[in-house]
Amino acid sequence: MAINRSKAAAVLMAFTLSISLLAGCSGKDKGGNDAAKDTGAAPSSSASASGSANTEDLSPVTFTYFSEDPNPNWNNMQDDVSKEIAKKTGVTLNAEFAVGDPAQKVALMAASGQYPDIIAAKGDIGKLVDAGGVLDLTELIDKYAPNIKRVLGPYMSRGKYTTKDQSIYAIPTWAAVNEQKFVAGGGFELQHRVVKEAGYPQIRTLQDYEKVIKDYLAKHPTDENGNKNVGVSLNADDWHMYISVTNPAVAVTGGSDDGEYWVDQNTFEATYHFRRPEEKEYFRWLNHMNAEGLLDKESFVQKYDQYKAKVASGRVLGLIDQDWDYNDGQQALKAAGKFDQTYGHYPVTMSTDIKEPSFWPTGFMGGYGISISSTAKDPVRIIKFLDFLASDEGQILNNWGIEGKHYVVENGKRVVPKEVQERINNDNTAFTKESGIGFYWNIMVHYGDGAKDANGDYYTKNNPDLIPVGYSDAERETLKAYNATIWKDLFPAETEFKEKAYGAAWNIQIPGEDEVSILGNKMKDITWKRVPEAILAKPADFDKIWDAYQQDLIKAGVEKMEKGYTKYVQDRVALWQADSAK
């Protein structure tokens, strides 16, 4: 089953939390993708960049909206940004965010024929396409969305569903145009106090990571209140299993970020990544950590709220996760002034000869995006609303907030005032809920980090000049000890990898009734049973359980699934290459 490793990356909370931690001032870095690789500037166009041409109807209207990804800070459009969007467009959203497994909700929609007006279904869009639940947006975009066309430019074709069905059922919003990534939100995490006490040693291998945790626990088995400190806690509640338990097995073995698959970069053949011998050794290491008492015994039974509360207690020394997944807990630590118990990010792999692949470039991925349902009451009004969000005005509003309240313009550049930045640093959750900054990231077509507007100012706050402003003193101290300015400095750079010809396999759209999807669900059920079993087993039983797991996969048809998924990867390569040649 293919899934967005970031649940994203690109998940709404990933952007919301990272962007609102940062301050604004001028910078010098350029965007790095092909469409504007010389200057980083947005492509010029005769289309309106302000969005004014698309907001002639400002009469109040409410559209229903469903997103597969959560936004716990959503404030029912009572936040500043949402109010301004409603003022500019007349549109308000009656939003629903998935609870539990979002695939079940989408399947229920498809079965019932009851759809919200706007849907962000991501990898489950195939179910809605099969049921006739979403519109082909090609003509609507062409007629009513000059800003969407301007931003996507040569990448418009990457929104096509498949080689056989080249309709655009989802406008690509999960990938950013002209993006150069600067934020390292993953890897393996360690509290700053842990690496400081160890003397800031090299943290490159699993053994390095394990040693600093083990040594710290030996000296500090409990916190100041006598509660037991925890070495490493995993978040295995429902879909978080992918993010914290299974996906890291690919990264530590040098694999590309392709969801549940490992893809050969020469032949584009897909393998269910758990079948790689290298990954067996990663799970053996987790088994070892459990046997040593360094792995949280509650990892596979705790709920997400319990996991975040445990992080917020300051007792968890290490995490294997993405920052958007644990950041609620981390924000609580910051609010309590416990900055040395927050986390840094380290490029941990099985051995030093393996490159940690967090910054392996994908180019513009297309794939996941925003859809309009076949039952929507006013598709034209919706596409115009989405087009406003894609305008420069809409993007700056989402990324920076309200001028005069969240930022000011000095010498032609957007700057976050000191008092606002202090609020962001010390009370980020409340600030985000009140401001609404970043809420519309996965609804809107947008430029990425590093891209600049016509005035030469960055569309987003994420760049090396601005990111450190949001760091605490503890974080800066740790980075200085490693001769780094931002966490990305510790990771292999994009230039050390070849851009992937298919973007990322996790966001390839698979028709809902395709055998690949059906088999993927079978593999998931087997994996989610067997992997925890192997990790929690006695070390002497690990090989026996792992071998049984591999046989279960073969019996369930994993080889047929791999062959089917390979066809989709290779088809995407062929489609993108053909469009590039035009």
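None of the figures in this text is laboratory data; all of them are computed from the coordinates on show. On a predicted model such as this, the values are computed, not experimentally measured, just so you know. Note: ideal-geometry Cβ built from the backbone for every residue, glycine included; neighbour counts use all protein chains shown.
Between segment 111-139 and segment 336-376, how far is it from one alpha carbon centroid to the other, in angstrom?
26 Å
For segment 330-347, what does the Karplus curve 6.51 cos²θ - 1.76 cosθ + 1.60, with θ = phi - 60°, yield as ³J(HN,Hα) per residue in whole Hz, taken in order and with x for Gly and Pro?
5, 4, 5, 5, 5, 4, 8, x, 8, 5, 6, 9, 8, 10, x, 10, 10, x
Place the peptides 498-506, 311-319 in order of packing, highest mean first, counting for every residue the other Cβ atoms within 10 Å and averaging per peptide.
Averaged packing, sorted descending, gives the order 311-319, 498-506.
Using the basic label-point model (7 angstrom from Cα toward the beta carbon), what is the Asp136 to Lys297 distance in nanometres?
The two pseudo-label positions are separated by 6.0 nm.
Spelling out what I want: for every residue of segment 233-241, take phi, set θ = phi - 60°, compute 6.51 cos²θ - 1.76 cosθ + 1.60 (Karplus), and round to whole Hz; glycine and proline get x.
Using θ = phi - 60°, the values come out as 10, 9, 9, 10, 7, 6, 5, 5, 3 Hz.
Nearest 5 percent is fine: what portion of the DSSP beta bridges confined to the chain is antiparallel?
55 percent
Residues with amide H under 5 Å of Thr349's amide H, sequence separation 5 or more or different chain, H placed in the peptide plane at 1.01 Å from N; which?
Those lying under 5 Å, H to H, from Thr349 are Thr205, Leu206.
For Arg276 and Ser167, calculate 0.36 nm times their separation in residues minus their Cα-Cα distance, and state this gained length in nm to one decimal.
35.7 nm
In nm, to one decimal, how far is the modelled label at Thr495 from the one at Thr375, with both set 7 Å along Cα→Cβ?
Roughly 5.4 nm, to one decimal.
How many angstrom separate the Cα center of segment 169-242 from the Cα center of segment 496-566?
Measuring centre to centre over Cα atoms gives 25 Å.
Over the chain, what is the mean sequence separation of C-alpha contacts under 8 Å (at least six apart), divided by residue count, expressed as relative contact order in percent?
About 29 percent, as a whole number.
Mind running the shape call on segment 323-451? Use the C-alpha gyration tensor, a ≥ b ≥ c as the square roots of the eigenvalues: rounded below 1.5 for a/c, prolate if a/b tops b/c, oblate otherwise.
oblate
Between rounded, prolate and oblate, where does segment 509-581 land on the alpha carbon gyration tensor, with a ≥ b ≥ c its root eigenvalues, rounded for a/c under 1.5, else prolate if a/b exceeds b/c?
Judged from the Cα gyration tensor, segment 509-581 comes out prolate (a/c at least 1.5, a/b above b/c).
Just from its helices, what would the mean residue ellipticity at 222 nm be for the chain, if runs of 4 or more DSSP H residues each count -39500 (n - 2.57) and the sum is divided by every residue, rounded to the nearest 500 deg cm²/dmol?
-11000 deg cm²/dmol
Just how large is the dipole of segment 509-581 about the Cα centre, in debye to the nearest 20, putting +1 at every Lys and Arg Cβ and -1 at every Asp and Glu Cβ?
Rounded to the nearest 20 debye, it is 140 debye.
So who's got an amide H within less than 5 Å of the one on Glu96, skipping anything under 5 residues away but keeping other chains? H placed 1.01 Å off N, in plane.
Tyr65, Phe66, Ser67
Can you count the Lys pairs in segment 80-188 with C-alpha separation below 21 Å, eight or more apart or on different chains?
Lysine pairs meeting the criterion: 11.
HN-Hα J couplings of segment 416-433 from phi, Karplus 6.51/-1.76/1.60, θ = phi - 60°, integer Hz, Gly and Pro as x?
For segment 416-433, the Karplus-derived couplings read 8, x, 4, 5, 6, 4, 5, 5, 4, 5, 9, 8, 5, 4, 5, 4, 4, 5 Hz, x marking Gly and Pro.
With labels modelled as points extended 7 Å from the Cα through the Cβ direction, what inter-label distance (nm, one decimal) is found for Asp525 paired with Tyr200?
Each label point is offset 7 Å from its Cα along the Cβ direction, giving 5.2 nm.
Can you tell me the order of 418-425, 155-162 when each peptide is scored by its average per-residue count of other Cβ atoms within 10 angstrom, highest first?
Taking the mean over residues of other Cβ atoms within 10 Å, the ranking is 155-162, 418-425.
Using bins 10 angstrom wide from zero, how does P(r) for the chain break down, in % of all Cα pairs?
Spelled out bin by bin, the chain gives 3, 18, 29, 28, 17, 5, 0, 0 percent.
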